[in-house]
Amino acid sequence: MNLIVLKGRLIADPEVKKVGANQTTVCEFCVATDRRFEKDKTDFINCQAWGNTGEFIGKYFGKGKEIALVGELHIDKYEKDGENRYLTRIKVDNVEFCGSKNDSSNSDKEEAKAAPADFEEIDDDEDLPFA
């Protein structure tokens, strides 16, 4: 079984582009994750998401935003200058928000999560109608 679960922060805004004849969406980003038993060490994990998942990440996540994701490890081998090289990344299948909603300073990403128009804020200074 090839299953990876990560929680971390994006180190930069995701890069979203359309590829191929069908103009399929692909989103590439890097997540910084702390090690479980070595809190002073951080790993930087390259990730790639396709289709609707990639569009979702591009729309709602930005630099510094905390993300939880599930995917699988892919290691691609290629040759350059006569040497074998390897590209390791996570192919993301599912993502979730985590952290507080004020986690990111990116106002465009925050606007996407704005409260519904019929939302009414309760004034904390007044007595509440229930105990």
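Read-outs: derived from the displayed coordinates by stated rules, not from any lab. None of these values were measured; they are calculated from a predicted model. As a convention, Cβ positions derive from the backbone with ideal geometry for all residues, glycine included, and neighbour counts pool all protein chains shown.
Please compare each pair in Lys63/Lys91; Lys39/Lys77; Lys7/Lys63; Lys59/Lys80; Lys17/Lys41; Lys7/Lys80 to a cut-off of 26 Å on the Cα-Cα distance and tell me which ones are over it. Can you show the working numbers first?
Numbers: Lys63/Lys91 19 Å; Lys39/Lys77 31 Å; Lys7/Lys63 14 Å; Lys59/Lys80 34 Å; Lys17/Lys41 31 Å; Lys7/Lys80 32 Å.
From Lys63/Lys91; Lys39/Lys77; Lys7/Lys63; Lys59/Lys80; Lys17/Lys41; Lys7/Lys80, over 26 Å: Lys39/Lys77; Lys59/Lys80; Lys17/Lys41; Lys7/Lys80.
Compute the FRET efficiency between Asp13 and Glu72 as 1/(1 + (r/R0)^6), taking r as their Cβ-Cβ distance and R0 = 35 Å, and round to the nearest 0.05. Intermediate results must be reported in sequence, preceding the final value.
Details: r = 24 Å, r/R0 = 0.68.
Rounded to the nearest 0.05, the efficiency is 0.90.
Compute the Cα gyration tensor for region 1-95, then decide on rounded, prolate or oblate, letting a ≥ b ≥ c be the square roots of its eigenvalues: rounded whenever a/c is under 1.5, prolate when a/b is larger than b/c in the other cases, and oblate in all that remain. Mind showing how you got there, number by number?
Details: a/c = 1.74, a/b = 1.08, b/c = 1.60.
Oblate.
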